[in-house]
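Participant: Could you have a look at this structure, given as structure tokens, before my questions?
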Amino acid sequence: MGDGTPTARRGRLAEIFRFALVGGVNTGTFFGCYLLLHPWMPYFAAYSLAFVLSMIGSFFLNTYFTYRTRPTWKKFALFPLTNVTNYLVQSVGLYALVTWAGMDDRIAPLVAAVVAIPFTYLISQRILVPRNNGQDTGDSGPGSETDERQPSRLA
């Protein structure tokens, strides 16, 4: 999809749209889990468990729906890096917007979150989409790192 043709651009835009859709579902899942768990445990435990549950859901939605690839244990282990990246970009952005740009600290988190989306998208794509460097390693079975993108049954 990196050839710059109109078809490739449409495919990339569709992928970005799916990524944004998964982000919205993930946010709703996180908040719903948090609200369900909060009455039964301390707020930070509820927050942490909701975060982990939504991140697991996000992994599967992004592999199957956004990038249309197979999940693997390696991808699953690396996927939290997308959340770390998101947190770091948002934190630096928040600080810069409030401290240096003088933006209202009630609005700045939303702007920082929007700015973080492309970074999170690129990192998650790098982790979840297999790279084919033209080398046939012979390890192209289901779940391998050389598997091709698979059509999603969700779309």
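The values are calculated or read from the model by the stated rules, or taken from the named source; none is laboratory data. Bear in mind that the values here come from a model prediction, so they are computed numbers and not experimental data. A quick note on method: Cβ atoms are made from the backbone with ideal geometry, for glycine too, and the neighbour counts reach across all protein chains shown. These accessible areas exclude ligands, DNA and RNA; they are computed on the full protein's heavy atoms, side chains included. Shrake-Rupley method; radii C 1.70, N 1.55, O 1.52, S 1.80 Å.
Participant: Would you say Ala77 is at pLDDT 95 or above and among the small types (Gly, Ala, Ser)?
Facilitator: Values: at pLDDT 95 or above: yes; among the small types (Gly, Ala, Ser): yes.
Here the answer is yes, as Ala77 does meet what is asked.
Participant: Can you tell me which residue is nearest to Asn132 (Cα to Cα) among those in the stretch 76-113 that are hydrophobic (A, V, I, L, M, F, W, C) and touching a Leu at 6+ places or on another chain (Cβ under 7 Å)?
Facilitator: Going through the stretch 76-113, the residues hydrophobic (A, V, I, L, M, F, W, C) turn out to be 76-79, 81, 84, 88-89, 92, 94, 96-98, 100-101, 103, 107-108, 110-113.
If we keep only those that are touching a Leu at 6+ places or on another chain (Cβ under 7 Å) too, we end up with 103, 108, 111-112.
Numbers: Met103: 44, Ala108: 39, Val111: 35, Ala112: 33 Å.
This residue is Ala112.
Participant: I need the full set of residues from the stretch 25-75 which are of a type in the set (Gly, Ala, Ser) and within 24 Å of Val129 (Cβ to Cβ), in order please.
Facilitator: Taking the stretch 25-75 and keeping what is of a type in the set (Gly, Ala, Ser), we get 28, 32, 45-46, 48, 50, 54, 57-58.
Hits for the stretch 25-75 are Ser54, Gly57, Ser58.
Participant: Further question: Taking the stretch 10-47, which residues are open to solvent by 40 Å² or more (accessible area, probe 1.4 Å) and farther than 23 Å from Thr63 by Cβ?
Facilitator: Result: Tyr34, Leu35, Leu36, His38, Pro39, Trp40, Met41, Pro42, Tyr43, Phe44, Ala45, Tyr47.
Participant: Starting from residues that are within 26 Å of Leu21 (Cβ to Cβ) and small (Gly, Ala, Ser), keep the ones in the stretch 91-125 and report whichever is surrounded by the fewest Cβ atoms within 10 Å (Cβ to Cβ).
Facilitator: Ser91
Participant: Tell me which of these Ile56 doesn't satisfy, since it passes every other one: (1) open to solvent by less than 50 Å² (accessible area, probe 1.4 Å); (2) assigned to a helix (DSSP H, G or I); (3) of a type in the set (Val, Ile, Thr).
Facilitator: (1)
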